[in-house]
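Below is one structure; the comments refer to it alone.
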Amino acid sequence: MIVAHGSTVNLDSSAPTLAHAAEIRRRKIFADVECAFWKEEPSLRDALFLFDPESICDVYVVPNFISEGYFTQTVVPRELELSGPITKRSNGQIWRYCEPVGNHPLMTELLLKRARDVAPDAAPAETSLLIVAHGTDLNENSAVAAKREAEKIRALGRYAAVLNVYMEESPLVSDWKKLTKTRNVVVVPFFISDGLHSYEDIPVLLGIVVAAGGERGQPGSPPPATARGEIFRQNPYAIHGRSLFYAPSIGTDPGFADIILEQALNAKS
């Protein structure tokens, strides 16, 4: 069981989770693979009835979230009626609550892969890597996760600079020109799915929407039609003599299927 946030306004929100579930289902490791969402159908409450206790004895619940926080620690356990890491149902099923995908060590490797994929010809010694999270006083955990990954990649010494930056707290992604000195800058959104943040908000903060000739919609409006796929296909963006490479959100990487499997298998052992 892969659980995610979902969205009532962004159809792309659940797409990566559904794709990862389809890939895991294709591998036929588990008898069944299902998804449930906080803001979409099937809901987390519906998930209680998705697996037939006559044929399914164990259910592994993997939160498809970047970090631990309110949803993984409060919402998901409450909606799924989980009493802890292991919950025994009255119908005999054992439900095992796994760690969120963002906690897995493979996350660092996926971030590096995404950076290479979006800028394969950029010399690392002349490149800065920016990992962008939302950042807010309401949930500091996403900011902590981005900082942790930046520190791990920085320790590898593969890039001239590795920075964790945020949309709503310092260091701000909008200050990227002041924060970096290299001629190449690679930006990877640290989000589970692509949506208004990655299609529109971050590109505006970076200045690439203007550079690409797009127009920003009003708050709450859909992103520009060209933004959905085109925003990632116009790399690199030439801004103030710099080359800026903008990647899709990390959660859309197919490698997330491997991480979801790993989190389930870790809970099994």
Residues of region 172-200 satisfying the condition of being surrounded by fewer than 20 Cβ atoms within 10 Å (Cβ to Cβ) and either β-branched (Val, Ile, Thr) or at pLDDT below 95 (or both): Thr182
Go through the residues of region 206-216 one by one and say whether even a single one is at pLDDT below 90, surrounded by fewer than 22 Cβ atoms within 10 Å (Cβ to Cβ) and under 20 Å from the mean Cα position of the chain (by Cα). no
Filter region 59-81 for residues that are in a loop (DSSP other than H, G, I, E, B) and at pLDDT below 95; which is farthest from Ile2 (Cα to Cα)? Gly69
In region 109-130, anything open to solvent by 40 Å² or more (accessible area, probe 1.4 Å) and either of a type in the set (Ser, Thr, Tyr) or closer than 26 Å to Val61 by Cα (or both) is listed as Glu109
Select from region 12-34 the residues that are assigned to a helix (DSSP H, G or I) and under 19 Å from the mean Cα position of the chain (by Cα) and list them in ascending order. Ala15, Pro16, Thr17, Leu18, Ala19, His20, Ala21, Ala22, Glu23, Ile24
Please enumerate the residues belonging to region 37-58 that are under 22 Å from Ala15 (Cα atoms), among the acidic types (Asp, Glu) and not in a loop (DSSP other than H, G, I, E, B). Asp46
Go through region 22-50 and report how many residues are aliphatic (A, V, I, L, M) and either buried (at least 21 other Cβ atoms within 10 Å of the Cβ) or within 20 Å of Glu79 (Cα to Cα) (or both). 6
Residues of region 74-133 being farther than 30 Å from Tyr237 by Cβ and charged (D, E, K, R), which ones? Arg78, Glu79, Glu81, Lys88, Arg89, Arg96, Glu99
Condition check: closer than 24 Å to His197 by Cα, assigned to a strand (DSSP E or B) and either open to solvent by less than 20 Å² (accessible area, probe 1.4 Å) or touching a Gly at 6+ places or on another chain (Cβ under 9 Å) (or both). Does Leu163 satisfy that? no
Just need a number here: residues in region 127-160 that are among the β-branched types (Val, Ile, Thr), over 16 Å from the mean Cα position of the chain (by Cα) and either at pLDDT 95 or above or in a strand (DSSP E or B) (or both). 2
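One line per residue, one yes/no per condition, for (1) open to solvent by less than 30 Å² (accessible area, probe 1.4 Å); (2) touching a residue at least 24 places away in the same chain (Cβ under 8 Å):
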position: Asp58; (1), (2): no, yes
position: Val62; (1), (2): yes, yes
position: Ile86; (1), (2): no, no
position: Gln93; (1), (2): yes, yes
position: His104; (1), (2): yes, yes
position: Met107; (1), (2): yes, yes
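The values are calculated or read from the model by the stated rules, or taken from the named source; none is laboratory data. All values reported here derive from a predicted model rather than from experimental measurement. Glycine also receives a Cβ, built like all others from the backbone with ideal geometry; neighbour counts cover every protein chain displayed. For accessibility, only protein heavy atoms count, side chains too; no ligands or nucleic acids. Shrake-Rupley method; radii C 1.70, N 1.55, O 1.52, S 1.80 Å.
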